[in-house]
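Here's the structure, in structure tokens; my notes come after.
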Amino acid sequence: MSTSFRNPTHPIDPQFLERWSPRAFADAPVTEDQVLSMLEAARWSPSASNLQPWRFIYALRDTPEFETLLSLLVPFNEGWAKNAGALIFAASVTTFDGERDIPTHSFDTGAASFALALQAHKLGLVAHGMGGLHYDKAPLVLGLPDNVKLEAAFAIGRKGDPDSLPDFLKARETPSTRQPLSAMVFKGRFSGEVTNPTI
Ligand SMILES: Cc1cc2nc3c(=O)[nH]c(=O)nc-3n(C[C@H](O)[C@H](O)[C@H](O)COP(=O)(O)O)c2cc1C
């Protein structure tokens, strides 16, 4: 993929620019070994007090479990993610002894999820994050205990032909850019206004 559209203002490893989130998947299977490789990368992520609060639930395409996980996506996501080779749901443990909070459970699980995404990229695969889930019914279907919070899900696959997508998605099938560093980084003290990115 050309990363010319993604111009860093400071030098970074190319993998951070090359990774992006397409929705068109090739009709190629994702193997269990590949999924486990991604989850192994997640396993070695840092976390507060090394509590490792992330939990993952996955299913490979053409299995009944895949259909179950697919049914937990909102229709918009279900429409394109049904062509993924695997689905991975990320959840986090909110308390570590049944009552004491883990304030960083989501932060830690986000870090682990990005490790998963970068490992997917390393394998020539895509891990497309999804927050568009049926958060109401998913915990029951997934069997999550009360102190395990559903965070997000990932559609895993090999990038496919954008022409396989409906027109409204085809038009969006391109790497996005980012706000400037100055909108998100401050020296010494927060300053500036919080605005929603327009990109
Ligand atoms: C937590 C999270 C939730 C997301 N939810 C969705 C989603 O429900 N549907 C979707 O199509 N993309 C979703 N995305 C993908 C983002 O839109 C995408 O990562 C963002 O636009 C940046 O683009 P890039 O990943 O190609 O760099 C989600 C990403 C993350 C990290």
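Rule-based calculations on the coordinates, nothing more; no lab input. Note that this is a predicted model, so its numbers are computed, not measured. Cβ atoms come from the backbone with ideal geometry, glycine included; neighbour counts cover every protein chain shown.
Brief remarks follow.
- Relative contact order (%) - criterion: Cα under 8 Å, at least six apart; region: segment 3-159: 33 percent
- Going from the residue with the fewest nearby Cβ atoms within 10 Å to the one with the most, VAL141, VAL126 rank VAL141, VAL126.
- Other residues with beta-carbon under 15 Å from the beta-carbon of GLY132 carry, at +1 per Lys or Arg and -1 per Asp or Glu, a net charge of +1.
- Annotation for segment 149-199: GluC sites (Glu not before Pro) lying in DSSP loop with at most 11 further Cβ atoms inside 10 Å of their Cβ are GLU193.
- Neighbour-count ranking [beta-carbon atoms within 10 angstrom, fewest first] of ARG172, ARG19: ARG172, ARG19
- Protection proxy ranking, peptides 26-37, 80-91, average beta carbon neighbours within 10 Å, highest first: 80-91, 26-37
- Counting lysine pairs in segment 24-162 whose alpha carbons fall under 22 angstrom apart, excluding pairs fewer than 8 residues apart on the same chain, gives 4.
- Top of THR94, THR104, THR177 by mean-square fluctuation, Gaussian network on the chain, Cα under 10 Å: THR177
- Ranked by how many other Cβ atoms sit within 10 Å of their own Cβ, fewest first, the residues SER191, SER71 fall in the order SER191, SER71.
- Gaussian network model of the chain, springs between alpha carbon atoms under 10 Å - residue of PRO22, PRO75, PRO103 with greatest fluctuation: PRO103
- P(r) tail for segment 24-162: Cα pairs beyond 25 Å make up 23% of the total.
- Charge dipole magnitude, Cβ of K and R +1, D and E -1 - the chain, Cα centre, debye nearest 20: 660 debye
- Taking the C-alpha atoms of segment 44-99, convex hull volume expressed per residue in Å³: 121 Å³
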